[in-house]
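Trainee: Okay, here's the structure, questions in a sec.
The values are calculated or read from the model by the stated rules, or taken from the named source; none is laboratory data. Not measured: the values here are computed from a predicted model. Note that we place each Cβ from the backbone using ideal geometry, even for glycine, and neighbour counts take in every protein chain shown. Surface areas here come from the heavy atoms of the whole protein model, side chains and all, with no ligands, DNA or RNA. Shrake-Rupley method; radii C 1.70, N 1.55, O 1.52, S 1.80 Å.
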Amino acid sequence: MTYFSIEGKVAIVTGGASGLGYNFVKQLLEKGAKGVTLMDISEENGNKVMQELQEKYDKTKVLFIRGDVRNCEEFEKVFKLTIEAFNHLDILINNAGIFNDLEYETEVGINLTGTLHGMILGLEKYLPKYKLGNEGVIVNISSIAGVNPFAGFPIYSATKFAIHGLTLSWGLPQHYDKTKIKVVAVCPGFTTTPLLQNAAAALLSPAYAEHAKREVAACGLMQTPEDVALHMMTVIEKAPSGTVWVVEKGEPPYKYEMPDRFKISKTTL
């Protein structure tokens, strides 16, 4: 297992102005990152967070760029301005996401299409060329709903299963050997973030509410964004490419592995 040092590296964090993204930015800076760009659709929140973090860490270390991950041109502009500001780029955290099955086209656009834009721009174009050391890292934020089906929010779960799948595929040796970019995923359990605010209004219909209530309760203890961000640093530093890590209840990450379909017993109809 190789160790990836965050110190002196440059990162982009999408959805970096609130929730998990904000805490990822803080932890990267705590670990000695040279620079972090937070990309977010909210200009007000982004500028506020940038000013706060510049005052705490250093004006030269934090950059906010407004952008919508669904728009590939806007996303690419974030890559270009980050490299212009910090001279290299080593880490991409595809974090931007929403929970709103009622507005599922927007949900799919942000959660899945946005992650695909980040993957293609990061892996195929920018990180292999502009990484500082021998290795770069892309982390995709999936969810516990990306490894476990949920009756209460099937569309959100579908987007997170998709992120799980694309991470496994782009994390294969065929891609790593060419790019030297690790591709990994983190699947947070239920976390006290703005994503869960007004959750009942985000369900496909009121009929899904009882399912969601039971399923969330069955997952047990909520964790804080700070818990997830702290464990995220360990994943960045130590996780091999093509691996998926669950972080729940504030406990250390554990590896989630799909069964080998060639080795499982087959049940036929």
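Trainee: No solvent, one uniform scatterer per C-alpha: report log10 I(q)/I(0) for segment 103-172 via the Debye equation at q = 0.20 1/Å, two decimals.
Mentor: -0.82
Trainee: How big is segment 205-269 on each of its three principal axes, counting only the C-alpha atoms and giving the largest first in Å?
Mentor: 46, 39, 19
Trainee: Then there's this: From the residues Gly8, Gln223, Ala202, which one has its Cα farthest along the dipole of the chain in the positive direction, the dipole being from +1 and -1 charges on Cβ of Lys/Arg and Asp/Glu about the Cα centre?
Mentor: Of Gly8, Gln223, Ala202, it is Gly8.
Trainee: Take the Cα atoms of segment 113-269, find their three principal axes, and give me the spread along each one in whole Å, biggest first.
Mentor: Here the spans come out as 49, 45, 29 Å, largest first.
Trainee: Is there a quick way to get the dipole size of segment 90-217? I mean about its Cα centre, with the Cβ of Lys and Arg at +1 and of Asp and Glu at -1; what is the value in debye to the nearest 20?
Mentor: That gives segment 90-217 a dipole magnitude of about 420 debye.
Trainee: Find out how many positive minus negative residues lie around Asn23, taking Lys and Arg as positive, Asp and Glu as negative, among other residues whose Cβ is under 11 Å from that of Asn23.
Mentor: The answer is -2.
Trainee: In angstroms, what radius of gyration and Dmax does the chain have, counting Cα atoms only?
Mentor: Rg and Dmax of the chain, Cα atoms, are 17.9, 64 Å.
Trainee: Here's something else I'd like to know. First select every other residue whose beta carbon is under 13 angstrom from the beta carbon of Tyr57; then total the charges, Lys and Arg +1, Asp and Glu -1.
Mentor: +2
Trainee: Another question, if that's okay. If you split all Cα-Cα distances of segment 53-112 into 10 Å bins from zero, what percentages do you get per bin, shortest first?
Mentor: 19, 41, 28, 12, 0
Trainee: What's the center-to-center distance, using Cα atoms, between segment 240-260 and segment 73-143 in Å?
Mentor: 21
Trainee: D for segment 32-173, whole µm²/s, Stokes-Einstein with Kirkwood Rh over alpha-carbon pairs at 10 °C and 1.306 mPa s: what number? If you can, show how the numbers build up before the last one.
Mentor: On the way: Rh = 16.0 Å.
Rounded to a whole number, D works out at 99 µm²/s.
Trainee: Count charges around Gly152 for me, please; just the other residues with Cβ under 10 Å from its Cβ, Lys/Arg as +1, Asp/Glu as -1.
Mentor: -1
Trainee: Kindly express, to the nearest 10 degrees and within the range 0 to 90, the angle between helix 19-30's C-alpha long axis and the longest C-alpha principal axis of the chain.
Mentor: Here the helix axis deviates by roughly 40 degrees.
Trainee: Using only the Cα atoms, work out Rg/Rh for segment 18-93, with Rh taken as the Kirkwood radius, to two decimals.
Mentor: 0.93
Trainee: Can you tell me the convex hull volume per residue for segment 172-223, based on C-alpha atoms, in Å³ to the nearest whole number?
Mentor: Normalising the Cα hull of segment 172-223 by residue number yields 143 Å³.
Trainee: If you roll a 1.4 Å probe over the heavy atoms of the protein chains, what accessible area per residue do you get for segment 74-189, in Å²?
Mentor: About 36 Å² of surface per residue is accessible.
Trainee: Leaving out ligands, DNA and RNA, what percent of the accessible area of the chain is carbon and sulfur, probe 1.4 Å?
Mentor: That fraction is 54 percent.
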